[in-house]
Each structure stands twice: as structure tokens, then as C-alpha cells.
Amino acid sequence: MSPSVPTGIKSGFVLCEVCGLLTRPANVREPGRCPRCGGELEIRRQNAIQRTWALIVAAAICYIPANIMPVMVTSTLTSVEGDTIISGAVLLYKYGSWHLALIVLIASVMIPLAKLAALAYLLITVQRNSIKDQRERTRLYRLVEFVGRWSMLDIFVVTFVVALIQLQPLMSVKPGLGSLFFAAVVVLTMIAAETFDPRLIWDSSNCKEEQNG
Amino acid sequence: MAEQIDLDNIPQAAVVPKKKMRFSVVWIIPVVAAVVAIGIAVQRILSEGPTITIVFKAAEGVEAGKTFVKYKDVNIGQVKTVKLSSDYTKVVVTAKIDKSAEGLIVEDAEFWVEQPRVTLSGVSGIGTLLTGNFIGLRMGKSKQVKHKFIGRDAPPAVTVDQPGRIFMLQADNLGSVGIGSPLYYRRLNVGQVIGYDLAGDGKSLQIKIFVNAPYDKYVTNETRFWEASGIDVSMGASGFTVETQSVVSMLVGGIAFEAPSLMMETKPADANAVFTLFRNRATAMTQHETIVTPYVLYFDESLVGLSVGAPVTYRGLPVGEVTAVGLEYDPAKELIRPRVDIQLYPSRFMSHVKKSAALDEQAKSEGGLRAFLQKLMDKGGVRAQLRSGNILTGQLYVAFDNFRGVPKVKIDWTKTPAELPVMPSGMEDLKIKINNVLAKLDRIPLAAIGEDMKKLLTGLNGLVKRVDRDVLPELKTTLEDLNRVLKSTDATLVGKDAPAQQEMRDALQEVRRAAQAISGLVDYLERNPEALVRGKTQEKSK
């Protein structure tokens, strides 16, 4: 590690996130408002850890019904069938398109779970002031942020299918309650990724430096 | 990039005091999410209906997760699993029933697989061609909850809430009746057969029928049921009779019922009452004797032509039938005597009697019936007699009739069956009379009559000979003389040159000439009428 890294906090500066004005914060706890635009100054995002945790917990709660409850309810003349995400993937696999099944499984089951796990991991490491693999963790964060929106693919498919397949009374498709929860998971994890402050990853090393120095 | 920043001139931020919160408001989000998720879960668990198991012999078209359980065509549940029973002979279907229909799952509820059915009596379940087979439910009456059921093979014919009543029919065989066979009352379709079962001993059949309200009130204890299948052709004294119900019943069979017109009872029969199913209308309407009393008759004559089933009549009306014809050893006389067993149907006898209320009462008790019979024998002189029913075939029947001047007979009721007094048959009388006639004929002196006749003929013969000898030659000469006279007459009168003829011709010529003269005179007079006065004048003017 480089022995001394100049950071905003160390230098006693803070950047207004609205107008980009570099200011001196009033104090470290209450940075105050930007003198130019009046925007609230933040040295670090407020309650970032707590908020992110809350959102992650909410997303984790929603993740369970999202996978248990049907995402899509297909009613034909002969039957009414609800399909969960996993049953859909299983069905795809049964019909031979295992690669599609894999895509669905990865995009809709693994990725939200991975996001939750990644964010939780980041939060835990930040809270433990870990200085290990900071670069990797930052990259992980970028990945989480990037990948977030793509999970909405499922919701897209459901909305399309619901809008297109309305052949009453032969066949009709309705969104299930599961899709609502799934959307909630995706949205909550996206917000969680936003509220998390990646700068916190690096703060610990600064603290350590200070302690060392 | 490396712009020189005037670090001294960096402005100081203003301090705005802010409330510090230990817990972020953000925590509301997971709380809300948790509440919603738990709420849904609780609601799911609470709305969970019972899971039932139905065992079917076959579950055609029943698929896990796709087949519904329906009651009155409303979905009340869905099949969850379809499995084979452990011994692989049956299909075990588990279905989840909605909470709202929980009350339908009671002990006597019935399930069946609804599928298109085409039977002779109709087509059902056509809708399942489109919607797929489903499991039908028939509501039960019980309140006892049950979760394991044995499925029916076919839908029940009658639903619980259908008004009407069930009756049982006892039959020897099923005939052409099947489940769903129509039931007719006066040719009106009023119900159907809903099931049949072999009786415990396997000797008869129990047919379950359902009569729709309001027709069920026409089923009284006296009602007769008969098979209305096909065509019943009978030949009777009234001619050729063809009995049919509707065309449908001719094809698919059916059961008809009717109360005999003589029966006045109008109280509807109890539900599940048992009736006998007769083969046809005729037997149904006649064979309804509830009281049957056996009797024995000892005829001292030939029983040729008397068969089992021959009618027993009273004054020509049927009152019973012959049940056995045989011989019996008579220990008193040490002889074999003919014995005829008969059955009398008091009710049928009574049905012939008008205004028989008092009699009816009497006939109902055995003692009363006996007293009545004894009275008939004593006062009316009623006796049994063998009579010929058919001259051609010589069929006999037993007739009870009143006879005058017969001795009183006490019926011995201690013996069963009791013996009734008999009368030698009219046939025997006839035989005796014919014999008498023959005996009288026998007494005519035919030989003497023959002798006299012979003598007479001989005399006649002599007479004829005498005539031949004496009269005929004279007759011949007379005829010859006559012939000669005729010939002479011919020559004088008729022949061509006979003088009479000649003279006649001359006379005729004379007459012609006279006629000519007169004609000339008349002619002249016409022209000269004055000649009458002046006489004939000479012709001057010529």
C-alpha cells in the first residue's frame, strides 16, 4: 500500500455532489450545506451501512415469496397453472432447451441471490474495517451496480406475455404475485447498491494508516 | 488538470443543526416487506382447504395439477397427485379442495370422473371434450367430515337435492334394464333406474329406481311395476294385442308402473319400499295375490287334459289356478286316487264382487275366509267340477259352480291343504247319456225288420214278372194297330195326292177367283158410283 494517500477527509475537504464545488465541511459529523448551490454536503453517504442493510434485509425477505409463488398464471380451457421461476426453468429444461433454462436460472435466481450476498459481504467487510482485497471489492461493487438492472428481464418477459397472450376464453396469462415480489427484490437490491458508499471500502485502510501513522 | 487551487480561499460551510436519528427510517422497508410476506403466508395457510384422497378404478384423463374437482360445474379444487395404489390395482388421486367448499367434503359425498359418455339413453359430459375430464362431486347429506373416498365408476343418476323418491324393485333378472333406463307412468317419463344389485343369495336382483317429484306420489303400495321393454305381442279372446311403450323404451328398455284400476289406495308408498318387477303388463296387472290359500280336490275321474296352471273359476270368473296334478294313495280305501292341488286367490275373487267392503274385511282374516267358504258350500251348494275349456284340445279346468240338491259337506280345516267337495264332471254325464242312447239303439230288432223287408221284396219281384209276361205283349199289338191307323190317316189327309188335299186346293182357287171378282166390282163402283142406282152403263165416251 502506498504510505500516505491524500483523501478529501484527510485534507478536510468535501465535494458538493450537486454543483461540484469543493468546500471545507463545517465539521466532520455535520458537513453542512454547499455555499454555492445549497445542496447538502456529505462526506460519506448518510447511514449508508444501515440503509443498505435495511434494503438488503427487505430484498431477502421478498426473495422467498418471489421464488415460491407463481410469477405467471396461465389459464387454458383445461387448466389453470401457476409457474414459479424455478418451475419455468425446469419446464424449459424438460423441453430440451437447457441453455435457456440456464439463462433463466442464472439471471433470475442466482444473480439476485449473488447480489444480496455480495452486498452483504461488502457491508460486513466495511463494518469490520477490513483492508483486504479493497480493489476486488470495489470491482465487485461495480459489477453489482452494473448487473442490477438486467434482472428486470424476467419482469419484462412477464409483462410482454401478459399483454400479448389474451385469447379469452382459450388461453390467458396473468401475472402472479411472485412477479411483484421478484420486482421488489430487483428494485430493492438496486437501491441498496446505490445507497452503499463504495468509499467506505477504502476508509478502513485510511483509518488503519492513521492508527499506524 | 493540475490547476493551482487556492487552498486558503476555500470557503467554510455553514452549520445547520440536524436531529440525529439512531435508526434510519429505511428500516420500515424490510418491516413492510416482512409484514406483507408473512401476511400472504398466513392467508395462504388459513385458506388452505382439506386435501382428500379418492381411490378410482381408473382415472382416465386425470392429471396432477390440471384436473379440477367440480361441483355443479364450479371449480372447488384441483388434483394434486395421481398415483397407483400399492397393489397397482387402483388409482389414488389426491386433490386439494378450496376452503370455501370444505363443507361439501362429508362422509357420503361421492366422486366420479366426468368424461364424455354416450349411452343409449343419452349423451353426457360433452363439455369435457373441450375442458378435459374433471372429477365430479355429489353432495352428501352427512355432517361427518371424511377425507378418504372411493370413487364411483359413473356419475350418480340422481343428485341429493333432486326431489323425488327411491324405490326398490325385485326382479328375477335384469332383462333389458340398465342404469339410466327410463321409468314410465302412463307413458310419461317420470324417473330412471339408478342402480341394481344382486341379492345376497344371488337368486334375485334388486333394482333401484328414482321417481321424480311430483310423480312419486303416484307410487302407492298397490302399484305394479313391469318391464316396458320391447314389444309385447299377445293373442287373446279379444284378438291380437301389441303393447309397447315409447320408441326409446323399445330400444333401450325401461320400466313402467301403474296402479290397478280396482285398487283404491292412494296413499303414496314409503321411500325405499320394495316392489316386484313383473315381466309384462298383463302379469303385473293380474299376478298380485298377496293372500294365497291352497286347497286339494279329489276327483274320481280321468284327469286327461288338466295341466298345472289351468285356471280355477267360479261361475266362469278366474279365482285361482291349478298348482299340481297327481295321484295319491288313499289309505282308507287302499286305492290310488287322482289328486288336484289348487290355489285360490281371495283378493282376486273379491275383486269380482261389487260392494264387498264387509266381505273384504272377512276375507282378510283366515277364519273369516273359512267361514265364508263353508257358507258358500252349504247354502249355495258350491262344488268343484272338471270342465272342458277347449273342445278341440280337450284342455280341462276346474270350475266352482252352484249345484242344487247336493248334500251338505263340512270342510275339514284341520288338514292342510283343506279338501273341498267335488262334483262329477259334466263330461261324465254326457258319456252316460250317450251310452243310454246307444243301448236303446241296441234294442231295436234290426234282424226281424230285415226279414220282413226281404219278404216284401220277393212279392214285389213276382208282381214285376207277371206284368212282364202278361201285359207287355198286348201292349205291343195295341201300339202296332195305332201305328197303322196313323199311316192311313196320313194317306187320306196329309199326303200330296190325297183327295182331301186336291179338294182343298180347288176350293182355294175358287175363293181366289171370287176375291178377284169382288175386287173388280169395288174398282168399278169407285169410278162409277151411280152404277149402284142406274146399273152398269156402256162406255160411250171413249
* Structure fact -> Looking across the stretch B:24-41 at residues that are small (Gly, Ala, Ser) and at the interface with another protein chain (Cβ under 8 Å from one of its Cβ atoms), the single one that is nearest to A:Ala59 (Cα to Cα) is B:Ala33
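Is the stretch B:42-60 home to any residue that is within 11 Å of chain A (Cβ to nearest Cβ) and either at pLDDT 90 or above or surrounded by fewer than 16 Cβ atoms within 10 Å (Cβ to Cβ) (or both)?
Scanning the stretch B:42-60, I find at least one residue that is within 11 Å of chain A (Cβ to nearest Cβ) and either at pLDDT 90 or above or surrounded by fewer than 16 Cβ atoms within 10 Å (Cβ to Cβ) (or both), so the answer is yes.
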* Among the residues of the stretch B:206-225, is there at least one that is more than 14 Å from every other protein chain (Cβ to nearest Cβ), touching an Asp or Glu at 6+ places or on another chain (Cβ under 8 Å) and of a type in the set (Gly, Ala, Ser)? -> no
* Structure fact -> The one condition A:Ser79 fails out of (1) closer than 30 Å to B:Thr128 by Cβ; (2) in contact (Cβ under 8 Å) with a residue 12 or more places away in the chain; (3) of a type outside the set (Phe, Trp, Tyr); (4) at the interface with chain B (Cβ under 9 Å from one of its Cβ atoms) is (2)
* **Residue list for the stretch A:19-41, filter: closer than 16 Å to B:Ile5 by Cβ and β-branched (Val, Ile, Thr)** => A:Thr23
* **Selected residue (criterion: nearest to the other protein chains (Cβ to nearest Cβ)) from residues of the stretch A:168-196 that are of a type in the set (Gly, Ala, Ser) and closer than 15 Å to B:Ala33 by Cα** => A:Ala184
* If we scan the stretch A:53-69, do we find a residue that is free of Cβ contacts under 8 Å to residues at least 40 places away in the same chain and farther than 30 Å from A:Ser179 by Cβ? -> no
* To do: Could you look through the stretch B:78-101, keep only residues that are of a type outside the set (D, E, K, R) and in contact with a Phe, Trp or Tyr (Cβ under 7 Å, 6 or more places away or on another chain), and pick out the one that is nearest to A:Ser79 (Cα to Cα)?
  => B:Gln78
* **Pick from the stretch A:19-38, criterion of a type in the set (A, V, I, L, M) and surrounded by 13 or more Cβ atoms within 10 Å (Cβ to Cβ), ranking: farthest from the other protein chains (Cβ to nearest Cβ)** => A:Leu21
* **B:Val82 being over 17 Å from B:Leu137 (Cα atoms), assigned to a strand (DSSP E or B) and within 14 Å of chain A (Cβ to nearest Cβ)** => yes
* To do: Evaluate the stretch B:179-194: report whether one residue or more is modelled with pLDDT under 80, touching a strand residue (DSSP E or B) at 6+ places or on another chain (Cβ under 7 Å) and within 27 Å of B:Asp161 (Cβ to Cβ).
  => yes
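Can you tell me which residue is nearest to A:Glu194 (Cα to Cα) among those in the stretch A:39-61 that are in a loop (DSSP other than H, G, I, E, B) and more than 9 Å from every other protein chain (Cβ to nearest Cβ)?
That would be A:Arg45.
The values are calculated or read from the model by the stated rules, or taken from the named source; none is laboratory data. Computed from a predicted structure; not experimentally measured. Counting neighbours? That spans all protein chains shown, and the Cβs are built from the backbone with ideal geometry, glycine included.
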